[in-house]
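Before any comments, here is the structure.
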């Protein structure tokens, strides 16, 4: 075996190791993604999704290029390996892989505009922090207008950095917000 030294790159992720921390990011991948979809000089936005925007399978707009949409959403899903802030948006957009519309494509490009302004984001693990396990979970009620199912999300941190997160559509239809939250916790 050969000692190759400290880890710098792994599967498109960059790792910066110092005495006090480890920072994992995908800045180069995000920049290539933005350039690939023609948004290199776009104006960044502060949030990945517009406030209270609901997406439907049939929204009245024209059909978008399915191949391009799948490439974009698949790339966003890969970006969630170090970017929990885009997890919900990528999960939401992945529901419309079949027969995407121009509205879905526009929403996915808004996520890219958000990434344009936050390419330096990633996950940092600081040395010396108390290794306390903290978990967060939440769920909306009837967030999907197509089938009235709720979306659950969770995130776990150990010390300073997040190590597990997800945004998942629930399998059952909740009859109240309390039930949606209970399913999320379970």
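The values are calculated or read from the model by the stated rules, or taken from the named source; none is laboratory data. Computed from a prediction, not measured in an experiment: that's the story for all the values here. Glycine also receives a Cβ, built like all others from the backbone with ideal geometry; neighbour counts cover every protein chain displayed.
General remarks:
For every residue, the table says whether it meets (1) farther than 20 Å from residue 101 by Cβ; (2) modelled with pLDDT under 90.
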{"site": "31", "(1), (2)": "yes, no"}
{"site": "37", "(1), (2)": "no, no"}
{"site": "41", "(1), (2)": "yes, no"}
{"site": "46", "(1), (2)": "yes, no"}
{"site": "53", "(1), (2)": "no, yes"}
{"site": "59", "(1), (2)": "no, yes"}
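- Close contacts from region 92-119, counting a first residue that is without any contact (Cβ under 8 Å) to a residue 40 or more places away in the chain and a second that is surrounded by fewer than 17 Cβ atoms within 10 Å (Cβ to Cβ), with Cβ to Cβ under 7 Å and a gap of 6+ residues or different chains, come to 94/77; 97/70; 100/66.
- Residues that are free of Cβ contacts under 8 Å to residues at least 40 places away in the same chain, within 18 Å of residue 90 (Cα to Cα) and assigned to a strand (DSSP E or B), drawn from region 137-162: 152, 154
- Test: residue in region 49-58 that is within 19 Å of residue 154 (Cα to Cα), assigned by TED's automatic domain parsing to the domain that holds residue 8 and surrounded by fewer than 18 Cβ atoms within 10 Å (Cβ to Cβ): yes
- Index of the failed condition, residue 74 passing every other in (1) within 17 Å of residue 122 (Cβ to Cβ); (2) surrounded by 11 or more Cβ atoms within 10 Å (Cβ to Cβ); (3) free of Cβ contacts under 8 Å to residues at least 24 places away in the same chain: (1)
- Only a single criterion out of (1) more than 28 Å from residue 135 (Cβ to Cβ); (2) surrounded by 14 or more Cβ atoms within 10 Å (Cβ to Cβ); (3) modelled with pLDDT under 95 is not satisfied by residue 99, namely (2).
Listed here are the residues, each with its yes/no results for (1) farther than 23 Å from residue 23 by Cα; (2) more than 20 Å from the chain's Cα centre (by Cα); (3) buried (at least 19 other Cβ atoms within 10 Å of the Cβ); (4) not assigned by TED's automatic domain parsing to the domain that holds residue 170.
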position	(1), (2), (3), (4)
108	yes, no, yes, yes
111	no, no, yes, yes
115	no, no, yes, yes
120	no, no, no, yes
133	no, yes, no, no
138	yes, no, no, no
145	yes, yes, no, no
148	yes, yes, no, no
